[in-house]
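Below is the structure I would like to discuss, written out as structure tokens.
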């Protein structure tokens, strides 16, 4: 007759074997995942290299010759230019522009003077200063006028008639 205690040793050995198999399987899965990741990285490196090689081939086949041809054309064009003549033309154009600016400024100044004179004659009557009002003949009237104009009382309270007339004339 076998009891549960007899099976405990066998069950323990079975569990230890299953744990060892599980650990080995986990290591195999991890190693497989690492190999897949390395394969993916290698394929990305291969495609990047191929793209760089294609771009380099295109540059050496079409880009560099086009750039060199453009540089030759620019060099030829610059060799055809007479720089002394360019300088003379630029100076002449600058002088002409300066003369034009001076002429326009003089015409505007003369026009402004003429318009100002015409408007001055037309509106002279409106702009003429009004004749000063006559001052009151009495000291009392002079003091009232000083009060109306806002002159401080300290200046007009004790002033005499001549002083008030000078104060109000200003």
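Could you sort 153-165, 27-39 so that the peptide with the highest average Cβ count within 10 Å comes first and the rest follow in order?
Ranked from most to least packed, the peptides come out as 153-165, 27-39.
I've got another one for you. Tell me the angle of helix 64-80 to the major Cα principal axis of the chain, expressed in degrees between 0 and 90 and rounded to the nearest ten.
Helix 64-80 sits roughly 30 degrees off the main axis of the chain.
Next question, about the same structure. Compute the projected area of the convex hull of the Cα atoms of the chain, averaged over all viewing directions, and report it in nm² to one decimal place.
Working: hull surface 179.7 nm².
About 44.9 nm², averaged over all directions.
What value, in deg cm²/dmol to 500, does the helix sum -39500 (n - 2.57) over DSSP H runs of n ≥ 4 give at 222 nm once divided by the residues of the chain? Intermediate results must be reported in sequence, preceding the final value.
Numbers: 7 runs with 139 residues, N = 170.
So the helix-based figure for the chain works out to -28000 deg cm²/dmol.
With a Cα-only, solvent-free Debye model of region 8-80, what are the log10 I(q)/I(0) values at q = 0.20 Å⁻¹?
These q points yield log10 I(q)/I(0) values of -0.90.
Name the residue, out of 138, 48, 103, whose mean-square fluctuation peaks in a Gaussian network model built on the chain with Cα pairs under 10 Å.
Highest fluctuation of the listed residues: 138.
Next up: Need the full-extension length gain, residue 47 to residue 29, defined as separation in residues times 0.36 nm minus the C-alpha distance. One decimal, nm. Mind showing how you got there, number by number?
Numbers: separation 18, 0.36 × 18 = 6.48 nm, distance 2.70 nm.
Gain on extension, residue 47 to residue 29, equals 3.8 nm.
A further question follows. Using 7 Å Cα-to-Cβ label points, what is the residue 18/residue 58 separation (nm, one decimal)?
Between residue 18 and residue 58, the label points sit 6.0 nm apart.
Let me ask you something else. Which shape class applies to region 54-125: rounded if a/c is under 1.5, otherwise prolate when a/b exceeds b/c and oblate if not, where a ≥ b ≥ c are the square roots of the Cα gyration tensor eigenvalues? Intermediate values should be presented prior to the final figure.
Numbers: a/c = 14.29, a/b = 3.18, b/c = 4.49.
Cα axes put region 54-125 in the oblate bin.
Read-outs: derived from the displayed coordinates by stated rules, not from any lab. Everything quoted here is computed from the prediction, not taken from an experiment. With ideal geometry, Cβ positions are generated from the backbone for all residues, glycine too; neighbour counts draw on all protein chains shown.
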